[in-house]
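Everything on this sheet refers to the single structure shown next.
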Amino acid sequence: MELYDLTVHEIMDNLRKKEASAKEVTEATFHRIANVESTIKAYISLCEEKALDWADKVDQQIGAGEGIPDLAGVPMALKDNICTKNILTTCASKMLENFIPPYNATVVKKIYAQKSVLIGKTNMDEFAMGSSTEHSAFHITKNPWNISCVSGGSSGGSAAAVASGEAFFALGSDTGGSIRQPASFCGLVGLKPTYGLVSRYGLIAYASSFDQIGPLTKDVEDCALVMNGITGHDKMDMTSVNRGKIDYKKALVRDIKGMKIGVIKEIFQEKMDKGVRQSILRALERLKDMGGIIEEASIPHIKYSLPAYYIMTSSECSSNLARFDGIRYGYRAKEYTDIKDLFMRTRSEGFGEEVKRRIMLGTYALGAGYYEEYYQHALKIRTLIKNDFEKAFKKFDVLITPTTLTTAFKLQERTENPLDMYLSDICTVPANIAGVPAISICCGFQEGLPIGMQIIGKPFNEGTLLRIAYTYEKSTDYHKKRPKL
Ligand code: GLN
């Protein structure tokens, strides 16, 4: 195994035992980047000089015999919609091509406090709208398991960076599946926390009532470590919930005896890849062997989740993205006749096609005369879906579905028809609609491409998700596989 193949906890062991220095680990990461990045294209920008500086400081601390936090000296990547002070943050958009934030997002402050080493900012679908990272204004990110396939989206750059050994963990954002779906396509663990658990301060908003930041890691233990680093109450985010200090490492227990696991039947009635169905069924068998109680569960309104999701998120984005007008910051059209023309040209030139499609859809759905029929209607569906989950969670500890109905699809396969692309999110959006936590872990392979299993939990029950995921993971070796690059 190469250094870049190791997990966060393995790197931490090495650092603490002084078998490697933070500088060596960081250099090894940049060496890996030099070898594979021209193929994978996971990053929008890199910060090598700063990274080596940060690593040096950690080494000094270790040298001085001081204790180090759990993520210290570990190279990591951030999705490019998370604001980093004095470091370019583009949202993969021409609109923010030159935007250098004057402040850090709360998660960035937290991860810096852990002394983790920022390697670079990762590629994504523009403003996090998409499922394949093909909607970036800059370039497309390839799947490290098969470079003719997409890495997933919208946090495809974060997923590809971790899967290819160009970072040891990454943060992504998940509005309707953007952490879990690329995690699934790239054979990683991806967790979308309960709405309100991780601060959104400094995350450039797509749909504020859905967005959550979360980790993408190589295994479940790493996921728990990163969760410890990023959770916690933040007075800068009105929707941040104060749950006190939680140690997610405590959830790393191999025992699921008596746990009630529901299998969402409506999702299993959908058409899915044969390999996906078989792998999930096999995983369920395994969970049963380990003492889990498996039964069928129902979320009756789940079939309305996709249309309701796209109405609500487009509506929120049409309002959130109104700030990009060419006046305050970001791109400004070169030529214009008056202020109205300036707005129009700036927005027409600065936003990509998918973002414009959603702004138009959302503006329409919020318009007088349409509001009741579309937006309000979608909100009612949101309540029904929330109620369905509440009811199911009276009986079950967790609910299981595949993360995606297929493995990673081919580049350009779904770019022609937006509805095809939207359908990739069918298993992931319900958790965002209900605000509940969900994790994706690898449960098999089909033709060399990873398959993801999704475990959905009760609000703030991330610990239960990690425990089941950990118990399952320890009975497999999928998480030890690395793509050949
Ligand atoms: N693919 C979904 C969308 O396009 C989810 C995106 C996300 O979670 N950021 O809206």
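The values are calculated or read from the model by the stated rules, or taken from the named source; none is laboratory data. Computed from a prediction, not measured in an experiment: that's the story for all the values here. Backbone-built Cβ (ideal geometry, glycine too); neighbour counts: all protein chains shown. Just so you know, the surface numbers come from the protein's heavy atoms only, side chains and all, with ligands and any DNA or RNA stripped out. Shrake-Rupley method; radii C 1.70, N 1.55, O 1.52, S 1.80 Å.
Looking only at region 402-415, decide whether some residue is within 16 Å of the ligand (Cβ to nearest atom), under 23 Å from residue 176 (Cβ atoms) and aromatic (Phe, Trp, Tyr). Checked against the condition, which is being within 16 Å of the ligand (Cβ to nearest atom), under 23 Å from residue 176 (Cβ atoms) and aromatic (Phe, Trp, Tyr), region 402-415 yields at least one hit. Note on region 173-268: enclosed helices (runs of 4 or more DSSP H) holding 1 or more residues that are within 21 Å of the chain's Cα centre (by Cα) are 180-186, 220-230. Among the residues of region 358-369, those identified as open to solvent by 40 Å² or more (accessible area, probe 1.4 Å) and either farther than 14 Å from residue 308 by Cα or polar (S, T, N, Q) (or both) are 360, 363, 364, 368, 369. Which residues, counting only those in region 41-52, are farther than 26 Å from residue 481 by Cβ and crowded, with 22+ Cβ neighbours inside 10 Å? Those that are farther than 26 Å from residue 481 by Cβ and crowded, with 22+ Cβ neighbours inside 10 Å: 44, 51. Given the options 249, 303, name the one that is among the basic types (Lys, Arg) and open to solvent by 90 Å² or more (accessible area, probe 1.4 Å). Of the residues listed, the single one that is among the basic types (Lys, Arg) and open to solvent by 90 Å² or more (accessible area, probe 1.4 Å) is 303. Just to be sure before I move on: is residue 55 in a helix (DSSP H, G or I) and open to solvent by less than 50 Å² (accessible area, probe 1.4 Å) in the structure I sent? The answer is yes for residue 55. Take region 106-120 and flag every residue that is away from the ligand (no atom under 16 Å from the Cβ) and under 23 Å from residue 208 (Cβ atoms). 106, 108, 109, 110, 111, listed by residue number. Among the residues of region 416-475, those that are over 21 Å from residue 391 (Cβ atoms) and among the aliphatic types (A, V, I, L, M) comprise 419, 421, 423, 439, 441, 449, 451, 453, 466, 469. Looking at residue 153 and the list (1) among the small types (Gly, Ala, Ser); (2) open to solvent by 10 Å² or more (accessible area, probe 1.4 Å); (3) without any contact (Cβ under 8 Å) to a residue 40 or more places away in the chain, which single condition is not satisfied? For residue 153, the exception is condition (2).
Within region 81-103, none of the residues are closer than 19 Å to residue 184 by Cα and open to solvent by less than 40 Å² (accessible area, probe 1.4 Å). For region 22-47, a tally of residues being in a loop (DSSP other than H, G, I, E, B) and of a type in the set (A, V, I, L, M, F, W, C) returns 2. Could we say that residue 202 is out of contact with any Asp or Glu (no Cβ under 8 Å at 6 or more places or on another chain) and either under 21 Å from residue 175 (Cα atoms) or within 16 Å of the ligand (Cβ to nearest atom) (or both) here? Against the criterion (out of contact with any Asp or Glu (no Cβ under 8 Å at 6 or more places or on another chain) and either under 21 Å from residue 175 (Cα atoms) or within 16 Å of the ligand (Cβ to nearest atom) (or both)), residue 202 qualifies. In region 136-143 there is at least one residue matching the filter, namely being within 16 Å of the ligand (Cβ to nearest atom), within 22 Å of residue 212 (Cα to Cα) and open to solvent by 10 Å² or more (accessible area, probe 1.4 Å). Checked against the criterion of being closer than 27 Å to residue 470 by Cβ, within 15 Å of the ligand (Cβ to nearest atom) and of a type outside the set (Asp, Glu), the candidates 232, 152 yield just one match: 152. Among all positions in region 147-163, there is at least one residue which is of a type in the set (Ser, Thr, Tyr) and farther than 17 Å from residue 80 by Cβ. Here 182, 215 are screened, and the one residue that is closer than 14 Å to residue 440 by Cα, more than 13 Å from the ligand (Cβ to nearest atom) and without any contact (Cβ under 8 Å) to a residue 60 or more places away in the chain is 215. Filtering region 415-452 to residues that are at pLDDT below 95, in a loop (DSSP other than H, G, I, E, B) and open to solvent by 40 Å² or more (accessible area, probe 1.4 Å) leaves 415, 416, 417. Inspection of region 156-163 finds a residue satisfying the criterion of being within 12 Å of the ligand (Cβ to nearest atom), open to solvent by less than 10 Å² (accessible area, probe 1.4 Å) and within 13 Å of the chain's Cα centre (by Cα).
Among the residues of region 69-115, what is the count of those that are free of Cβ contacts under 8 Å to residues at least 24 places away in the same chain, assigned to a loop (DSSP other than H, G, I, E, B) and of a type outside the set (S, T, N, Q)? Number satisfying all stated conditions: 3.
The set of residues in region 322-355 that are open to solvent by 50 Å² or more (accessible area, probe 1.4 Å), under 19 Å from residue 206 (Cα atoms) and in a loop (DSSP other than H, G, I, E, B) comprises 328, 329. Restricting attention to region 1-40 and to residues that are touching a Ser or Thr at 6+ places or on another chain (Cβ under 9 Å) and closer than 17 Å to residue 188 by Cβ, the residue that is most open to solvent (accessible area, probe 1.4 Å) turns out to be 4.
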